[in-house]
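So the structure is just underneath, and the comments pick up after that.
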């Protein structure tokens, strides 16, 4: 656990989970006539978590620019261009997000803050779409590999060495496929937020809170595996 919270991403995932949990509680209290004192307290907590998360993300656009340039050297395929697109638009999204932090923290006020916030949401949405496309492509490739193993001829399957190797490969691919589905679920849970805030399709805040909690837990899980392995 300490190894996990020692990473910036790990701490951010915990803060994001708390942020959306409080957003859900806020929506619940507003919908079911909670006390005004409680509502104001929750709003204040959300504001502080949002500002702290935006502050930690200052400089994050440079990470995405760096990943963009590194990805240029990867072998050409559909996934490469999805990663390039996602990192490019995320660099722009987080730049706008950084400007929002400057405004809300009082460092530098922007008269057109609403337009800046909208642009941040637009580029976040585009980045999520690139993520969905990439994950769908990888899921398709993994499914094809699973099919190629399960459709091997009986002659190949009689060889114990090949049989063991195929069984190991199949186990890894099935786990990989499961992770693709979880990542897609995470992307779709994120997808509803900019869709709602940009006015394409309004979703009740109480449901947005639940989608946010689900997305945050899946993101925290992925980061945990990255740091500690699957335990």
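For every residue, the table says whether it meets (1) in a loop (DSSP other than H, G, I, E, B); (2) farther than 30 Å from residue 25 by Cα; (3) touching a residue at least 60 places away in the same chain (Cβ under 8 Å).
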residue	(1), (2), (3)
114	no, no, no
135	no, yes, no
176	no, yes, no
190	no, no, yes
What is the residue count in segment 189-221 for residues that are out of contact with any helix residue (DSSP H, G or I) (no Cβ under 7 Å at 6 or more places or on another chain) and under 19 Å from residue 17 (Cβ atoms)?
-> 2
Among the residues of segment 140-148, is there at least one that is closer than 30 Å to residue 92 by Cα, assigned by the TED database to the domain that holds residue 20 and outside any loop (DSSP other than H, G, I, E, B)?
-> no
For segment 1-25, name all the residues that are without any contact (Cβ under 8 Å) to a residue 60 or more places away in the chain, farther than 19 Å from residue 203 by Cβ and touching a helix residue (DSSP H, G or I) at 6+ places or on another chain (Cβ under 9 Å).
-> 1, 5, 6, 8, 11, 12, 15, 18
Condition broken by residue 28, with the remaining ones in (1) within 26 Å of residue 200 (Cα to Cα); (2) under 22 Å from the mean Cα position of the chain (by Cα) satisfied = (2)
How many residues of segment 72-88 are in contact (Cβ under 8 Å) with a residue 40 or more places away in the chain and surrounded by 15 or more Cβ atoms within 10 Å (Cβ to Cβ)? The answer is 5
Every listed condition ((1) touching a helix residue (DSSP H, G or I) at 6+ places or on another chain (Cβ under 9 Å); (2) within 18 Å of residue 131 (Cα to Cα); (3) surrounded by fewer than 18 Cβ atoms within 10 Å (Cβ to Cβ); (4) modelled with pLDDT under 90) holds for residue 58 save (2)
Return the only residue of 229, 199, 212 being at pLDDT below 90 and within 30 Å of residue 121 (Cβ to Cβ).
-> 199
Report whether or not residue 146 is at pLDDT 90 or above and in contact with a helix residue (DSSP H, G or I) (Cβ under 8 Å, 6 or more places away or on another chain).
-> no
Looking at (1) under 16 Å from the mean Cα position of the chain (by Cα); (2) modelled with pLDDT of 90 or more, which is the one condition that is false for residue 13?
-> (2)
Pick from segment 26-38, criterion outside any helix (DSSP H, G or I) and touching a helix residue (DSSP H, G or I) at 6+ places or on another chain (Cβ under 9 Å), ranking: modelled with the highest pLDDT | 35
Is it true that some residue in segment 39-49 is assigned to a helix (DSSP H, G or I) and under 18 Å from the mean Cα position of the chain (by Cα)?
-> yes
Among the residues of segment 26-46, write down those that are under 29 Å from residue 95 (Cα atoms) and exposed (fewer than 12 other Cβ atoms within 10 Å of the Cβ).
-> 44
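The values are calculated or read from the model by the stated rules, or taken from the named source; none is laboratory data. Just so you know, these numbers come straight off a predicted model, no measurement behind them. Here the Cβ is made from the backbone with ideal geometry for all residues, glycine too, and neighbour counts use every protein chain on show.
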